[in-house]
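Structure record follows, encoded as structure tokens.
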Amino acid sequence: MGHLRRSEHASEPHRHYVFLAVAAAVLAILVLTLMPRAAAAGEAWKSILADGKQEFEESCVSCHGATGKGSGDYAGKLIAPPKDLTAIAVGNGGEFPFTRVFDIIAGEVEVPGHNTHQMPEFYNSLKAKDFKPGYLPAHVRVLELTHYLESIQDKPVD
């Protein structure tokens, strides 16, 4: 029996190395599989922001301007000047009110100047294009636009 115990002890370092080799292999597999996913997630995020920017350029620039500061070509012709969309977070204590902005764009929250002849009901114009070739559903387009607006926020001045 003493002989078995010595061989058991002799195999302890071997087990340790096997465990380390297996752990290293698992870690390598995880790293190699997660890295492409992280890159893909980054690409997906870029795509969301690019689609939101495109929606902004097609639907908002004429009044809010290319920078979102309210300086579009039609800004001077409006009764109420367009809001500076880059200052939403600053005006909300440094936090971008994502759900509120989404609800405003979707027409769920009334805002002075919106839903008039000067600021048409934006969501309904998006909804009219649902299921047409080349258009995402309206709620997805509003979500992308909201993410884009979040991405162009001015940084708070300390």
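Determine if the stretch 52-65 includes at least one residue that is more than 23 Å from Val157 (Cα to Cα), outside any loop (DSSP other than H, G, I, E, B) and β-branched (Val, Ile, Thr). Yes, some residue in the stretch 52-65 is more than 23 Å from Val157 (Cα to Cα), outside any loop (DSSP other than H, G, I, E, B) and β-branched (Val, Ile, Thr). Flag not set for Ser125, criterion: part of a helix (DSSP H, G or I), under 25 Å from Val140 (Cβ atoms) and at pLDDT 90 or above. The residues of the stretch 74-89 that are at pLDDT 95 or above and out of contact with any His (no Cβ under 6 Å at 6 or more places or on another chain), listed by number, are Asp84, Thr86, Ala87, Ile88, Ala89. Within the stretch 130-142, the set of residues being closer than 14 Å to Ile105 by Cβ and either among the hydroxyl-bearing types (Ser, Thr, Tyr) or touching a residue at least 60 places away in the same chain (Cβ under 8 Å) (or both) comprises just one member, Arg141.
The values are calculated or read from the model by the stated rules, or taken from the named source; none is laboratory data. These numbers come from a predicted model, not from an experiment. With ideal geometry, Cβ positions are generated from the backbone for all residues, glycine too; neighbour counts draw on all protein chains shown.
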